[in-house]
Every structure is written in C-alpha cells, then in structure tokens.
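Read-outs throughout are calculated quantities, based only on the coordinates presented, and are distinct from any laboratory measurement. On a predicted model such as this, the values are computed, not experimentally measured, just so you know. Cβ: placed from backbone, ideal geometry, glycine included. Neighbour counts: every protein chain shown.
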Amino acid sequence: MANVLFAVADDFRFDHGPYLQNLSGEGVTIYFTTSRRAFSWVEVKCDAWSEPRCFYTVRDGLVEAYGTRNAIRITGLEAGREYSYRLVAKEMKEFRPYKIVYGDSIASQWERFGTPSEGIDRCSFVVINDGHDDASKVRRLLGYSTLNSADAVFYLGDMVSHIEAADVPYKGFIDVSVELFARNKPFVAVRGNHETRGNLGRTFGEYVGRPEGKFYGIYYYGSTAVIVLDTGEDKPDAHPVYGGINRFDDYRREQARWLGEQIRSKRFRKARNKIVLMHIPPIIPGEDNSPEGHAVKHLNALFVPLFNKAGVDLVLSGHTHRHFFVDKGTAENKFPLVINDHKSVIDLSVEGEKINVKITDEKGQITFDQNF
Ligand SMILES: [Fe+2]
C-alpha cells in the first residue's frame, strides 16, 4: 500500500491549469503547473497555419525551465479566430552545469479558445466576488450564470481570505475555474483587500495575468472599456494589523493619476460604454467612521470626480457582503453603483449602448435586473 501511495505522490503530471489570462486579439497567456521541475512549453494549432507552433518563455537568451509554475505567452494571433493548444513538459531529473538529464515527457489534451473579434458592439461577463475560499459556492454561482455565452469571468476580489500556503488560490477559485471554463475562456482577478493578506499575499500576482504587470488596467472589448482598479486594504496603512508594511494610500493615488491620463486617450474617449470594476466601493450608504471605512472615503475623494469626468456608465463593487444599489445623483456620483453581496452572481451584458445587470442568488433566484 505504501508503494502505491508513493507512486501516486511521485506521479509527474500537470497539477493545476491550464487557464487563460490576458486574452486579446493578438495573444493569450497560458498558466499551468507541473508536479515536478520541468522544461515546459505550449503547442498551438490554427487552421490558417501549415503546422503547429511551439511557444516558450524566453528571458535574456534562456528558455525558462527547472520550475513548476508556468505562464507562457502565445503571440502572433489574429482577432476573431479559433485556436487549439496543448501543454507539453519534460521532467528535469538532473540539472547540472554541464549535463541535463530529462525524465518522462507528458502532454495534455488539446483545448480550444477563440480570440475576440474587432469592432464588436456586444459583450458579456460573469462577475463573482467575496468567495472567501469557498470553491463550492463559486461552482454553484457559476452554474446559475450565463457562463457559456460570456466572454470572460471577473472575480471581483476576496476570492480567498488570506494566502499562507501556495495552494490557497488554486483551491479557492482557480481549480474550479479550470474545471468549468478557464481552459477555454479567461478570467480576470480583480484584487480585493483579502488577497493582500497573509505571509504569501505578496505572491498573488504570480497566479494571475495582469495587464502591464499591474493589478489595475483597462480591458477593451470592442466598443466597451472595462476599467479594473485595485482598491487595496480597507483600514489606514498605519493600522497596527498591517505592521507598517502597507502603502495603499500612495498606491490609490498612483491609480488616480494613471486613470486621469487614460481617460484623455482617444481609445477611451471613443468607447461607447465605460464600466468600472473595483472591489471596495467608492460609496457605501450610511456613515462609517470605523477604521474599515478609510478606503471608501479615500476612493470616494480620488475617484468619484474622475468617474464623473470620464463619463463612467456603471461601477460594480463587492466587499460589503451586502447588496446595495446607489443610483446616480445619490451623492456626487453621476454614475450608478451596484454592490454585490458575497453569495450572488452578476451577469453583465452590453449590447450597443445598453448595459444590463442581472443578479442571481445562491438559490438561483433573480434578485436584481436593471438596464443602464
Ligand atoms: Fe473585501
């Protein structure tokens, strides 16, 4: 029996992924891990190509190898096309200065994905937030969503409670995503305050693709701009629980400066729909003078004027574990704000200039359905 267990534990295999990140008309990044140190790559096929192409991560003349976690960028794709891909890995049993000994080679099954078409005027997304390590809840909510027709899933923060073991993001939401959709369509992880917590919180960026290496950015889907912000921690940086090693006030200001530049760009100004996804909302009804209210006040001061100026059509948030709808004009906001609770899924769809938000709870009941 002990031998059998050893054989299972020693099995060389792909243990997480593959999952798609940063999908655009030109490329996609494929994330996966191997159970032992390996030299790994991705093979891609397309009807328009005479033969499959192999993609590696190459840095400074060296092909990335002898690791277990991979994020391999596939480039040279065309918008609106179908591709198939598979993972290949060769175990590296020995890696000495003048000799490399390879072990077994493995290959995954072929998976398919499509690149987004240019000039589209419709898109749709599934949004889930505040999963807090509960993968079975994520599974249930995805089951009630329009996942099959959606372009992407946005995880709107706090999908884990803190990171103190390397498998926490996989167990919390990535593995279930791989099983249900992420081999074929991407998810975007919007960072919540809880993803920053724990002694491995600083590694969260290694699990997910980020535009320009930042947790904030703009995703364009045809005529729709989706702005993702990283709202940081909720309490002031000087709060004792952070031990003096957070600098989120500066980081939120950095994002406000960045967004101020972005909204002047031609591409942004031409976008017909402007949607913001941010974990901590910039407005929560009711006065909150607790330390936890710090980020809301800071976000309000920095971003509400910017969103008004940018002509933002809709803001989606989580964090409160309670549903709120803040209509435009409630405070200084010229945009509606929908705050999702921790046990409901949002189907967000855009058609022309109509934005629809539908919220379904854990029992499959629609609790909110509004056009903007
Ligand atoms: Fe939160």
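Between the helical axis of 248-262 and the dominant principal axis of the chain, each derived from Cα atoms, what acute angle in degrees is found, rounded to the nearest 10?
80
What is the helix-to-structure angle for 294-310, meaning the angle in degrees between its Cα long axis and the longest Cα principal axis of the chain, kept from 0 to 90 and rounded to the nearest 10?
Once rounded, one gets 80 degrees.
Based on other C-beta atoms within 10 Å, arrange K266, K328, K343 from fewest to most.
On the way: K266 7, K328 15, K343 18.
Least crowded to most crowded, the residues run K266, K328, K343.
Would you mind getting me the FRET efficiency between Y56 and E332? Use the beta-carbon distance for r and R0 = 56 Å, nearest 0.05.
Taking R0 as 56 Å, the efficiency between Y56 and E332 is 0.65.
With +1 on each Lys and Arg Cβ and -1 on each Asp and Glu Cβ, how big is the dipole of region 253-295 about its Cα centre, in debye rounded to the nearest 20? Don't skip to the answer; put the middle values down first.
Details: 9 positive and 5 negative charges, 159 e Å.
It comes to approximately 760 debye.
Is there a pair in K45/K274; K185/K274; K45/K354; K270/K343; K137/K214 whose C-alpha atoms are over 30 Å apart, and which pairs would that be?
Working: K45/K274 34 Å; K185/K274 22 Å; K45/K354 36 Å; K270/K343 35 Å; K137/K214 28 Å.
Checking Cα-Cα distances, K45/K274; K45/K354; K270/K343 exceed 30 Å.
Which three extents, in whole angstrom, do the alpha-carbon atoms of the chain cover along their principal axes, largest first?
On the principal axes, the chain reaches 66, 51, 44 Å in Cα extent.
Have a look at W258, W41, W49 and tell me which one the Gaussian network model of the chain (Cα, springs below 10 Å) gives the largest fluctuation.
In the Gaussian network model the winner is W49.
At a 10 Å Cβ-Cβ cut-off, how would you order Y144, Y66, Y31, fewest neighbours first? Walk me through the numbers before you get to the answer.
Details: Y144 18, Y66 10, Y31 22.
Placing the least packed residue first, the sequence is Y66, Y144, Y31.
Using the 10 angstrom Cβ neighbour count as an exposure proxy, how do T146, T224 rank, fewest first? It would help to have the intermediate numbers written out before the result.
Working: T146 16, T224 24.
Taking fewest neighbouring Cβ atoms as first place, the list is T146, T224.
Work out the length of the dipole vector of region 297-343 about its Cα centre, built from +1 on the beta-carbon of each Lys and Arg and -1 on the beta-carbon of each Asp and Glu, and round it to the nearest 20 debye. Mind showing how you got there, number by number?
Values: 6 positive and 4 negative charges, 17 e Å.
The calculation lands at about 80 debye.
So for region 122-371, averaging the separation of alpha carbon pairs under 8 Å that are six or more residues apart and normalising by length, what relative contact order in percent results? Before the final figure, lay out each step's value.
Details: 539 pairs, mean separation 52.3, N = 250.
21 percent.
If the convex hull of the alpha-carbon atoms of region 221-372 is projected onto planes in all directions, what is the mean projected area in square nanometres?
On the way: hull surface 38.2 nm².
Average projection, Cα convex hull of region 221-372: 9.6 nm².
So if the hydrodynamic radius of region 2-114 is defined as the Kirkwood radius over C-alpha pairs, what does Stokes-Einstein give as its diffusion coefficient at 10 °C and 1.306 mPa s, in µm² per second? Spell out each step's value before the answer.
Numbers: Rh = 15.1 Å.
D = 105 µm²/s.
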